[in-house]
1. Below 8 Å between Cα atoms, with a sequence gap of 6+, how large is the relative contact order for the chain in percent?
2. How large is ³J(HN,Hα), in whole Hz, for each residue of segment 454-463 in order, when computed from phi with the Karplus curve 6.51 cos²θ - 1.76 cosθ + 1.60 and θ = phi - 60°, using x for Gly and Pro?
3. Taking the Cβ of Lys474 as the centre, find all other residues whose Cβ is under 15 Å away and add up their charges (Lys, Arg: +1; Asp, Glu: -1).
4. Could you look at the chain and say what percent of its accessible area is carbon and sulfur, using a 1.4 Å probe and all protein chains?
5. I'd like the antiparallel share, as a percent to the nearest 5, of DSSP beta bridges with both residues in the chain.
6. About its Cα centre, what dipole magnitude does segment 393-467 give when the only charges are +1 on Lys and Arg Cβ and -1 on Asp and Glu Cβ, stated in debye to the nearest 20?
7. Segment 175-266: which GluC sites (Glu not before Pro) are DSSP loop and have at most 13 other beta-carbon atoms within 10 angstrom?
8. When every alpha-carbon pair in segment 142-290 is counted, what percent end up more than 24 Å apart?
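The values are calculated or read from the model by the stated rules, or taken from the named source; none is laboratory data. Not measured: the values here are computed from a predicted model. With ideal geometry, Cβ positions are generated from the backbone for all residues, glycine too; neighbour counts draw on all protein chains shown. Surface areas here come from the heavy atoms of the whole protein model, side chains and all, with no ligands, DNA or RNA. Shrake-Rupley method; radii C 1.70, N 1.55, O 1.52, S 1.80 Å.
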Amino acid sequence: MIEFLYQLKPEDRLSPLSFWYADNVDDVLEFEKQMRRKVHYVIQPAYLWSSIAEMARTQNGELLHTLQNGFDYIENESFASTFDGLFSEINLNSEKLGKDYTARNATLCTVIKAIADGLEKFSTDKDTLGDAYEYLIGQFAAGSGKKAGEFYTPQQISSILSGIVTLDSQEPATGQKKHLESVFDFACGSGSLLLNVRHRMGPHGIGKIVGQEKNITTYNLARMNMLLHGVKDSEFEIYHGDTLTNEWDSLREMNPAKQPRFDAVVANPPFSYRWEPSEALGDDMRFKNYGLAPKSAADFAFLLHGFHFLKQDGVMAIILPHGVLFRGGAEERIRTKLLKDGHIDTVIGLPANLFFSTGIPVCILVLKKCKKPDDVLFINAAQYFEKGKRQNRLLPEHIDKILDTYQHRRKEDRYSMRVSMERIEKEGYNLNISRYVSTAEVEAAIDLADTHQQLVDIEQAIVRSKDKHNAFLKELGLSLLP
């Protein structure tokens with residue numbers, strides 16, 4: 001492939017880097033070394049988009065081979081760390097592209113040329129490309145229905161979680177933290193939630209972005225999403241593995257001094273996921289102080305996993321179904337201990353039909369290992385949304401209202417309330433939001449004596465009117481009203 005580059009003709013519409021490589025063969029290795037040091041990656045000229053697009057424009061018969069070689073190069077050589085399997089879900093030899101190599105190559109030429117023609121109309125800076133990728137993920141999620149729940153959290157929901165975890169944990173009213181050493185999403189899907197936190201903190205506001213994802217396709221989506229948003233390979237780590245069984249070796253570290261801990265934990269795990277906890281998991285460091293979540297719903301297993309890796313002064317915000325607020329059995333025991341230990345800070349109820357994967361209303365639980373208030377803040381935002389044809393939406397003012405209420409711990413009739421632990425104890429540690437914040441309007445009190453007098457007055461007025469009317473009828477010789 002390098003030899004091919006050196007034979008390029010000047011009239012070919014390729015990038016200037018292609019000609020620099022051809023003219024400076026002896027300096028290429030040092031140049032690539034400097035590129036990896038400064039921008040953390042190298043893409044050789046043959047694999048740049050401009051080169052691929054030119055091959056498509058000219059119907060080059062080597063396009064398919066070049067693409068495959070480019071995928072291998074990016075996975076294994078572009079970055080200081082390898083991105084093994086980044087394109088493993090892409091099959092360029094699929095018969096869906098054509099029956100033989102020539103047909104598949106022609107299809108790729110047509111598709112890539114159409115994309116290139118479209119891209120010429122738009123900016124191609126990394127922010128625009130990253131946002132476009134995020135938009136396409138969102139559009140795919142919107143059309144995928146329940147399947148989308150596996151990999152995508154709507155941006156409006158992500159904005160609430162990111163807004164919460166980036167505020168000061170002990171004094172949210174003081175505003176956003178200047179820096180987070182680390183943020184963790186243990187069911188990161190396409191990475192959109194992690195990137196929302198990064199967007200709020202700024203490109204240099206987070207030391208390390210860490211995610212975990214079980215689905216291989218979604219795991220690759222997340223890694224691509226990070227790279228397309230300009231996150232350097234040294235600034236993030238996405239692990240492919242099962243969260244509930246804790247397959248990640250670095251998270252199984254038994255020495256407390258070496259165990260990873262995160263400033264912020266955010267998550268939108270699968271709702272009421274069925275799992276098969278083994279007896280050994282009962283002694284797992286994540287669960288042994290609380291007990292195991294039931295087989296029928298792993299919601300609290302996900303919560304306890306993330307909570308275990310939260311720093312003492314960190315903040316965790318997790319999206320869960322309402323059932324975790326009131327279901328009995330093992331979940332009640334876990335919920336009760338979290339409350340008694342003072343770890344549940346805020347409960348936020350959201351409107352129904354916000355998610356692609358379900359139409360049920362969900363809640364956000366905010367947890368802290370050390371929190372100052374000895375009460376729990378309840379926010380009932382179920383009535384604040386814009387209704388859509390397929391899905392409801394939270395508008396910016398709805399999101400701002402939730403965040404402002406959390407930040408300043410505001411109380412508002414039929415919206416939010418600070419509830420003492422004594423009250424929660426009397427309610428049997430049931431966190432059903434409507435027990436504490438009802439959205440029903442209080443009916444005005446009825447004065448029965450006053451109402452009775454009004455009815456008497458009306459009745460008398462009817463009699464007087466009928467008598468007057470009958471007098472007119474009598475003068476006209478007509479039948480009277482009974």
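1. After rounding, I find 10 percent.
2. Karplus values, whole Hz, x for Gly and Pro: 4, 5, 4, 5, 5, 4, 5, 5, 5, 4.
3. 0
4. 53 percent
5. Details: 20 of 41 bridges.
The antiparallel fraction comes to roughly 50 percent.
6. Value, rounded to 20: 480 debye.
7. Details: sites: Glu181, Glu213, Glu235, Glu237, Glu247, Glu253; in loops: Glu235, Glu247, Glu253.
Answer by residue number: Glu253.
8. Every Cα pair in segment 142-290 considered, those over 24 Å come to 35 percent.
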